[in-house]
Amino acid sequence: MTKKVDVKAAEQELKQKVDNAKRLKAKSREAKLQLKQAKKAAKRASKAARAARKDSDDARRLYKKAVARADKAAKAPKQKKDGAARRTRRAKSSPAIGTPRKTSASRRAARRPRRESTATPAGVDFEVAFTDNDLKTLEPH
């Protein structure tokens, strides 16, 4: 009977050790997955830190330039010009090139008053000024 008990005890011990090995293997798989995720997170964080450092360097450079520009502007003497000088300077600038506008014939005619025919002077009545005899002498025979 001891052999049967020994066999059953050995089987029980084997079963426990197999279950323990499976549990440890699953735990190992989980740990590997967590490690992989942690590495990815660290890589993302490193990338973000590099980008932030570059941005801060750019901002620092721009700030230094702005400060230098402000110092230079503060040191430079300011010349005050009166309003007339500014207006004349603006007037001296080259005028815009203007091209003649096209006008239609109807607009041209409307602008130009029609001249009356100069054959008869103004205020002279043709009927009164000439008689039938005058007209007969003018007609060709």
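Only the coordinates and a few stated rules stand behind these numbers; no lab work does. Since this is a predicted model, take the numbers as computed values, not measurements.
Length available on full extension from residue 40 to residue 3: 0.36 nm per residue minus the Cα-Cα distance, which gives 7.8 nm.
I need the shape label for the range 1-50. Rule: rounded when a/c is under 1.5, else prolate if a/b > b/c, else oblate, with a, b, c from the alpha carbon gyration tensor. Kindly include the intermediate steps, with their values, before the conclusion.
On the way: a/c = 13.06, a/b = 10.57, b/c = 1.24.
Here the range 1-50 falls in the prolate category.
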